[in-house]
Every structure is written in C-alpha cells, then in structure tokens.
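Down below is the structure, laid out as structure tokens.
The values are calculated or read from the model by the stated rules, or taken from the named source; none is laboratory data. These numbers come from a predicted model, not from an experiment. Reconstructed Cβ throughout: ideal geometry from the backbone, glycine too, with neighbour counts over all protein chains shown.
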Amino acid sequence: MDEQSTDPAGPANGGLDPRAGLSEFLRSRRARLKPEDVGLPDFGRHRRVPGLRREELAQLAGVSVAYYTRLEQGNGRNVSAEVLESIAHALRLSDAERAHLTHLAKPRRQRRKQAPRTQQVRPALRQLLESMDTVPAYAVGRRSEILAWNRTAAALFGDWGRLPAQERNWARLVFLNPDYRDLFIEWEQKASDMVAYLRMDAGRHPEDPQLSALVGELSVKSEEFRTLWAAHNVKEKSHGVKRVRHPLVGDLTLLWESFSPVGEDSGQSLVTYFAEPGSPSAEALRLLAGWGADARQSAANVTAP
C-alpha cells in the first residue's frame, strides 16, 4: 500500500524530510504515466491506483520490485547513480526532475545545526542593478527572497522597500498578497512556477528550517499553495514571457531573462524584464522608469475619487 502524504511543514528537526519527499515524488511521477505511455500492454484490468504499478516501473527500470519498493518508501541512501538514471528514464523525467530526484535520493551531508546565514548581495551587483535604470531588474535568492532591486522594478512590481524584510519574498507575495493576483494576468502560471521553484530548492536544501517554515506558513494560509505543493512538480526556468496589468500604464507584455553569477553557489539570480523595441509595452516601461518607486502611489492618486 502506498504511504500517505506527510505534513508539508517537515520533520521535527526544523527541516523538510527528504525521505518523505523522495517517496511522494516517485509516487507522483509514477501516477502520471499510463502503460501505453511507456510501451506496456494495458489489459484493461481494474487499477487500485492511477498510473503504473510498482512492478511495471521496476520492470522498465531493470530493478527488482523489492528494491524499487524500498526506494519509493524513501530509502535511497545506497542507490547508485546508474539505478537512479534507469528509474529517471523509466519515469520519463525532465532534466529538472532528474536533478531533483538525485537531490532527494542522495541528500548532501547535513551540517551541524547553526543559525542560517543572511543572504547578501555583492556591492558590484547592486551597482549593476542601479545602472540598469531603464529596465526592471532585481536579485532573488534562496527561498524566493527578494534581495535587491532597481527603481524601475519598484515601479513595475511595487516599492518593496516599504515592506518588512520578511515580506520581501516572491512566494509570500504571490500567494498571500491580493495585489499580485491582480498584477499577473496569468496568475495561475506564476503560482505554479513559484511552487516548482520552491520544490527544487527544498530538494537541494532539505535541512533549511526557514524554507520549512515558509512552506508550512503558505500551506496553512493558502489552499492553492497546498494543492500545488502536493503535486510535486519541479521546474527550472531561465527565460520566458510575462503579462502584467499595471494600475498606471495598463497591460504590458514583457520578456524576462534570469542569470546566475558564474562560479558562485549562492543560489542567487539576477532577473531582468524588457519589452520588444517600439511596442506599446516598451513605451509603458519608459513611463514607469520615469515614475520610479512612486508609480503605484501615483496610480492610487489618479484612481482615488
């Protein structure tokens, strides 16, 4: 019998339980596959659970049912890289999902308990952000924390400087702040991407008590977050398109790119937004750059009776 889902807030040690994460991730990936998806015959027999059975997955991966069952129960300590690759191939995992599986099955050796370090942005990176005064740009760190930004980012997304430091967090803003539900035209996609990012972070750092606390808080306060977290989807994106609805300049279609400093393992990324040259969105960005951090307050004054 498959195990039941565990508390999203994690184990008593203050982190997220990698054994439970491994178990739930494997079961969720197995459940999304049908026999015909992987070239197995489907004889139409009643299935107690959705997707492939454990014995079918074990057959595809070339391992014994007992071995795969132990792995799916969260016991991945001694699994080899070759077996993980075979299971990832059988499950049709994406590159991000393969990396996540490896992090869950072979978590890094847990360090001795110590106070989490405050994330710092290098002075040169702050200067770079300030110099990019015609495009919205910000630095984001682990747990989706917003670490630094320029005035055009404040004009587009809101003046994060007015928020307490704990609230400068994309996941909290997306799920708990109604202004951001209005800001992102495809809010559901933004929410899904945010949870997929946090899942990847949890796989890399299951011992992080601050991440565990964030997941626990969002699980309590947002039913939508709970549903997305339970899906165990993981994804890494470095570029894309976002449509936002700004109260001062209206709808904008923006391209975005994310860059991680080369040679650093800080978990930080620089994210920039820009518009097609000559487009209405480009003109809207130019106006916002002129308004700066006061753009949203100006919009409130315009719409006030």
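Brief remarks on what is shown
- So LEU33, is it farther than 18 Å from PHE225 by Cβ, in a loop (DSSP other than H, G, I, E, B) and at pLDDT 75 or above: yes
For every residue, the table says whether it meets (1) of a type outside the set (Ser, Thr, Tyr); (2) assigned by TED's automatic domain parsing to the domain that holds TRP256; (3) within 12 Å of the chain's Cα centre (by Cα).
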residue	(1), (2), (3)
GLN127	yes, yes, no
ARG143	yes, yes, yes
ASN150	yes, yes, no
ASP159	yes, yes, no
GLU167	yes, yes, no
ALA171	yes, yes, yes
TYR180	no, yes, no
ASP193	yes, yes, yes
ARG199	yes, yes, yes
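- Every condition in (1) at positive phi; (2) assigned to a loop (DSSP other than H, G, I, E, B) holds for LYS235 except the one numbered (1).
- If you filter segment 49-69 down to residues that are among the aliphatic types (A, V, I, L, M) and within 9 Å of ARG30 (Cβ to Cβ), you find that the one that is modelled with the lowest pLDDT is VAL49.
- Test for GLU283: is it of a type in the set (Asp, Glu) and either part of a helix (DSSP H, G or I) or closer than 24 Å to ASN169 by Cβ (or both): yes
- Residues of segment 174-205 that turn out to be among the aliphatic types (A, V, I, L, M) and either in contact with a Gly (Cβ under 7 Å, 6 or more places away or on another chain) or over 17 Å from ARG243 (Cα atoms) (or both), as a count: 6
- Given (1) of a type in the set (Gly, Ala, Ser); (2) within 21 Å of GLY158 (Cβ to Cβ); (3) modelled with pLDDT of 95 or more, number of the condition SER219 does not satisfy: (2)
- Condition check for GLU207 on (1) over 19 Å from THR272 (Cβ atoms); (2) in contact with a Phe, Trp or Tyr (Cβ under 9 Å, 6 or more places away or on another chain): one failure, at (2).
- Of all residues in segment 120-170, those that are assigned to a helix (DSSP H, G or I), surrounded by fewer than 16 Cβ atoms within 10 Å (Cβ to Cβ) and in contact with a helix residue (DSSP H, G or I) (Cβ under 9 Å, 6 or more places away or on another chain) total 5.
- Taking first residues from segment 26-38 that are surrounded by 15 or more Cβ atoms within 10 Å (Cβ to Cβ) and partners that are of a type in the set (Val, Ile, Thr), the Cβ contacts under 9 Å between residues at least 6 apart in sequence or on separate chains come to LEU26/ILE87; ARG27/VAL49; ARG30/VAL49.
- Annotation: SER281 fulfils all but one of (1) surrounded by fewer than 18 Cβ atoms within 10 Å (Cβ to Cβ); (2) at pLDDT 95 or above; the unmet one is (1).
- Some residue of segment 248-258 being part of a loop (DSSP other than H, G, I, E, B) and out of contact with any helix residue (DSSP H, G or I) (no Cβ under 6 Å at 6 or more places or on another chain): no
Every residue, every condition in (1) touching a residue at least 40 places away in the same chain (Cβ under 8 Å); (2) within 15 Å of GLN268 (Cβ to Cβ); (3) β-branched (Val, Ile, Thr), yes or no:
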residue	(1), (2), (3)
GLN120	no, yes, no
ALA137	yes, yes, no
ALA154	yes, no, no
MET194	yes, no, no
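- Meets criteria (part of a helix (DSSP H, G or I), at pLDDT 85 or above and over 24 Å from LYS237 (Cα atoms)) for ALA20: yes
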